[in-house]
Structures are given as C-alpha cells and as structure tokens.
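A.B. asks: Please read through the structure below; I'll follow up with questions.
The values are calculated or read from the model by the stated rules, or taken from the named source; none is laboratory data. Note that the coordinates shown come from a computational prediction; the quantities given were computed from them, not determined experimentally. Using ideal geometry, Cβ is built from the backbone for each residue, glycine included, and neighbour counts are taken over all protein chains shown. We work out accessible area using only protein heavy atoms, side chains counted, and drop any ligands, DNA or RNA first. Shrake-Rupley method; radii C 1.70, N 1.55, O 1.52, S 1.80 Å.
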There are 2 protein chains.
Amino acid sequence: MLLGIVGGTGAMGSSLALRLSSHGHRILLGSRNADKAKEVAASLADLKKSGAGAIDGVTNLEAAEGEMVFITAPFEGVQELVKELSVNLSGKVVVSLVNALVKVGSEMQPLTLARGSVAQSIQAILPASLVVSGLHHVAAKDLAKVDSPMDVDVLLCSDYPDGKDAVTGLLGAIPGIRILDGGSLSSSGAIEAMTAVLINLNIKYKTRTALRITGIKER
Amino acid sequence: MLLGIVGGTGAMGSSLALRLSSHGHRILLGSRNADKAKEVAASLADLKKSGAGAIDGVTNLEAAEGEMVFITAPFEGVQELVKELSVNLSGKVVVSLVNALVKVGSEMQPLTLARGSVAQSIQAILPASLVVSGLHHVAAKDLAKVDSPMDVDVLLCSDYPDGKDAVTGLLGAIPGIRILDGGSLSSSGAIEAMTAVLINLNIKYKTRTALRITGIKER
C-alpha cells in the first residue's frame, strides 16, 4: 500500500514509517520542508531491513497523495495544515495521531478544544474524508523496533466504520498490537487526553507506560 | 476508620461499603432519604462476613461526618449536594468517584464541564477540603465480591499529596488494587472521560473492562 505520513519527520512519524515499511508498504514521509523530509528518509533507509518498502521524503502535499494518510504533525498549526491538503485527502481514510497537550510546570495537561478533540477538529475541516483517531498511546520507540512485537491496545475511534476497518486491516498486521473499537469520534477527546496522564506517569515512575484494557478475550 | 459514603445507595456506593467494611472499617452509608439508606444497609448486613465493620444507613449530612468521605452520588445534583455538606466536609479528604456521562444513542459520551472535571467542580465548591479523584474505572460488581482480589489500577488525582497518601493507605490495603499517582486534579477530566470509553467497550464486547497501565514495575 502507498501510505502518506503528514508531518512525519518527528519521532512518531519516523517510527511509524519504519514499522509500516517493514511490512512492505511504501511510505511518503511528508514535511513542510522537503529537504528535511529527504534527510530523515535517508537516515531511516539505513535502518531498514531487506524486503522493506521504500521511504521517500516529500512535501506534506505529496504525502497527502498516499492511499491512506497518517497525521503526525504537532498540534500547533495542524488545522491549517490539513485544510491546505483537503483536496488531496478527499475520499480517503485519514488517521489522526495528534494530541493537544501543554506543559504546565512539570505536568502535561490536555487542552479543551471547541470540537472536543483534535480528531473531531480535523474531521470538521475534512468533511469528505474518513477521519480515524488512533495510536495515541503507542510509544514511538517501540514502533521503531521493527523486529520486536508491540505490547499495546490501540483504541480506534471514527464516525466511519469503513475507516476503522481499513485501519484495523493495516495495523492489525503488526504483531502485538490489539485493535479495539473505541466507538465514534466522540470518544477521541477522552483517549487523546489520557495521553497526558500516561506521559505524567512516565515522568513520575521513570518508565514508558501504555494502556492495556482487561476483560476482553482475544479474538 | 469511620468512613462516609455520600449518595451511597447505588451499586458503587453499596459495593464500596461492603468492601471497606470487610477490612473492619465502620461505614456511614448516606442517602437523601434516610429510610432508603437504612433499607440498603440492612440488605448489605446479610452479605457481611464476621469481623466486618458496621454499615449504618444515614442521611447524607450524617455520612459527611465520616473521617474520610466518598462521593458516589449521580452527577446530576452532586454540586448542590456537596455544597450543602461543605461544613461537615471541611478539613477532610473527600474522594470523588463521580463521572459526568450522558447516553447518546447507544453510546456513552463524557460531558465537558466548565471546571474541567467533576472532581475539580467539587474542589471549587469545597476549598477547605482535600478532594481526591479516584476509583472511576473500578467495577462495582468486583468491589462487592469481598473474598476475591481485585485486578485493577487505580489512578488517584489531587492537588493535595496528603489527600492522595491518605486514600492510598486506605485503598492500598485491598488485595489486587494497585494505586498509581495520577498527578494533580488537572488529570481528572481525562480519567473521568475514559470511563465512557470503558463503558462503550463493555457494551461492544459484552464484557466488563478495566484499565491496566503497563510498564510500571511493582513496588
């Protein structure tokens, strides 16, 4: 599959690119600055295994030409950014990994948004796209270790079941990721905000936490 | 310890009363309607083991005379309720288990509150109390099985570390509950809202879910 990653040069975008390319997908790694994207893509090429798909550094507009597009840009400016890409993203599954968090003292706090969540804000800007919210609690470092299985539950929220199915098909192939149906996009605010709680636990307990939902039998 | 449970005649209040009394604590089970409280307390008496503390059905005002007071009233009206009890609750640790959720179609959705969370709303009404937010993700049914260990992480949030310490001392004695420091009351909104996500998962997967935080070593 040809996958776009918008705002992909950070830790999460790069790690996601590595992991998905290891499953043979071709990645369009986007940035506002195409030179930066090419540089990051080149550094990732050194880490790839044989059989992995290509990772190409491109502009965000080019990344939006992927068949499915992940948004890993920082919260600041992300709404303007997806608006610029709306034509390219039309009719596609768009996966938002974006959290709206601020550091207050030594603590992360979730921002309250007028639309309830970042994913809902993006859906409002992209009415012709199928926005799916997910992967908020996944550690980039774990994604980047492509030879190690993950150990995490991924809650997917969307107003479009077809969108959730498509993302489940793609991410469910990654060993150790269990995909759970988190319901409509109304649940995304709670899940995005929990990211702040997990980061605070990481700081407090000097570790890397993740969520596991107990009580659901393996399917 | 003498423990109050305000709005305690529902499933969560009753289950908490049973579990805490099984550790020898004496419980003041409060309700707006003292007759109702007496009735529920009498029904719980039949379930108690020898050595358990007494459970007395009382008014909410009397329940607020406990050394530590749990609030398990429904969200609707809880702010007016704690305001009426503010003198009795002054100087005490007040534990809020309250979630602000609404059912929309077949899905639970968290409400956005002006203070960010129910616990913060209660803290604003009770400036002389040490409000602690916790136990939101604990299933009443599991609490009520006093002979079975729990299997859940409890995130405590408060602006008062002394309050968290007191609650940790009390609840940490329950087998299978791991208490984690969830930070300041700023995190309570995320944790309260996650309750809606867990309820939706319960409905979707026909089960009883809870949260486990991975990556934190047992202390």
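A.B. asks: Evaluate peptide A:150-157: per residue, the Cβ atoms of other protein chains within 10 Å of its Cβ; return the mean as an integer.
C.D. replies: Per-residue shielding by partner chains comes out at 2.
A.B. asks: Taking the highest mean first, how do the peptides B:2-14, B:79-91 order by number of other beta carbon atoms within 10 angstrom per residue?
C.D. replies: B:2-14, B:79-91
A.B. asks: Between chains B and A there is a rotation axis; tell me the chain B residue with the nearest beta carbon and how many whole Å away it sits.
C.D. replies: B:Arg212, 2
A.B. asks: I've got another one for you. Between copies, how close do the B:Leu111 label points come, placed 7 Å along Cα→Cβ, listed in nm from shortest?
C.D. replies: Sorted ascending, the copy-to-copy spacings read 2.6 nm.
A.B. asks: Say a paramagnetic label sat at a point 7 Å from the Cα of B:Ala42, along Cα to Cβ; which residues of the range B:1-36 have their backbone N under 14 Å from it?
C.D. replies: Only B:34-36 fall inside the zone, counting backbone N under 14 Å.
A.B. asks: So the label point sits 7 Å from Cα along the Cα-to-Cβ vector; using that for B:Asp46, what distances do you get to the other copies, in nanometres, sorted shortest first?
C.D. replies: Sorted ascending, the copy-to-copy spacings read 7.3 nm.
A.B. asks: Hey, for B:Asp151 with labels 7 Å out along Cα-Cβ, what do the inter-copy distances come to in nm, ordered shortest first?
C.D. replies: Counterpart label points of B:Asp151 in the remaining copies fall at 1.7 nm.
A.B. asks: So how strong a dipole does the protein assembly as shown carry about its Cα centre when Lys and Arg Cβ are +1 and Asp and Glu Cβ are -1, to the nearest 20 debye? The partial results should precede the final answer.
C.D. replies: Numbers: 42 positive and 42 negative charges, 156 e Å.
Here the size comes out at about 740 debye.
A.B. asks: Using just the Cα positions, wrap the protein assembly as shown in a convex hull and report its mean projected area in square nanometres, one decimal place. Present the calculation step by step, with values, prior to reporting the outcome.
C.D. replies: Details: hull surface 83.4 nm².
Computing the convex hull of the Cα atoms and averaging its projections yields 20.8 nm².
A.B. asks: Now for a separate question. With every protein chain kept in place and ligands, DNA and RNA left out, what is the accessible area per residue of the protein assembly as shown? Probe 1.4 Å, answer in Å².
C.D. replies: Here the residues of the protein assembly as shown average 41 Å² of exposed surface.
A.B. asks: With 27 Å as the limit, write out which pairs from B:Lys103/B:Lys206; A:Lys103/B:Lys141; A:Lys145/B:Lys164; B:Lys92/B:Lys206; A:Lys83/A:Lys164 have Cα-Cα distances beyond it, or answer none.
C.D. replies: Correct reply: A:Lys103/B:Lys141; A:Lys145/B:Lys164; B:Lys92/B:Lys206.
A.B. asks: What 222 nm value per residue comes from the helices of chain A, counting each DSSP H run with n ≥ 4 as -39,500 (n - 2.57) and dividing by all residues, nearest 500 deg cm²/dmol?
C.D. replies: -10500 deg cm²/dmol
A.B. asks: Which positions within the range A:173-219 get 50 Å² or more of their accessible surface covered by the other protein chains, compared to the chain by itself, with a 1.4 angstrom probe?
C.D. replies: With the partner chains in place, the range A:173-219 has these residues losing at least 50 Å²: A:Asp181, A:Ser186, A:Ala190, A:Met194, A:Val197, A:Leu201, A:Tyr205, A:Arg212, A:Ile213, A:Thr214, A:Ile216.
A.B. asks: Cα to Cα, under 12 Å, and not fewer than 8 places away if on the same chain: which aspartates and glutamates meet these conditions relative to B:Lys38?
C.D. replies: Reachable aspartates and glutamates: B:Asp56.
A.B. asks: Now, a different point. Work out the FRET efficiency for B:Lys103 and B:Lys217 from their Cβ-Cβ distance, taking R0 = 35 Å, and round it to the nearest 0.05.
C.D. replies: That pair, B:Lys103 with B:Lys217, gives E of 0.35.
A.B. asks: In Å and from the alpha-carbon atoms only, list the Rg and Dmax of the range A:161-218.
C.D. replies: Cα only, the range A:161-218: 13.6, 39 Å (Rg, Dmax).
A.B. asks: Could you tell me the ratio Rg/Rh of the range A:92-219? Both radii from Cα atoms, Rh via Kirkwood. Let's see the in-between values first.
C.D. replies: Details: Rg = 14.7 Å, Rh = 15.3 Å.
Taking Rh as the inverse mean 1/r over Cα pairs, Rg/Rh reads 0.96.
A.B. asks: Once you charge only the Cβ atoms, +1 for Lys and Arg and -1 for Asp and Glu, what is the size of the charge dipole of chain A about its Cα centre, to the nearest 20 debye?
C.D. replies: Values: 21 positive and 21 negative charges, 118 e Å.
Dipole magnitude for chain A comes out near 560 debye.
A.B. asks: Expected output is a single nm value to one decimal: the length gained when fully extending between A:Glu76 and A:Ile203, i.e. 0.36 nm times separation in residues minus the C-alpha distance. What is it?
C.D. replies: 43.4 nm is the gain from fully extending A:Glu76 to A:Ile203.
A.B. asks: For the range B:2-205, what are the per-bin percents of Cα-Cα distances with bins 10 Å wide, up to the bin holding the maximum?
C.D. replies: Spelled out per bin, shortest first, that is 9, 37, 39, 14, 0.
A.B. asks: Return the sequence-ordered ³J(HN,Hα) values of the range A:100-116 in whole Hz as given by the Karplus equation 6.51 cos²θ - 1.76 cosθ + 1.60 applied to θ = phi - 60°, using x for Gly and Pro.
C.D. replies: Whole-Hz 3J(HN,Hα) from phi for the range A:100-116: 9, 10, 10, 8, 10, x, 9, 10, 8, 10, x, 7, 8, 9, 4, 8, x.
A.B. asks: With the full set of protein chains in place, find how many percent of the accessible area of the protein assembly as shown is carbon and sulfur; take the probe as 1.4 Å.
C.D. replies: 52
A.B. asks: If one takes the accessible area of chain A alone plus chain B alone and subtracts that of the pair, with a 1.4 Å probe, what total in Å², rounded to the nearest 100, results?
C.D. replies: Protein heavy atoms only, the A-B interface buries about 2700 Å².
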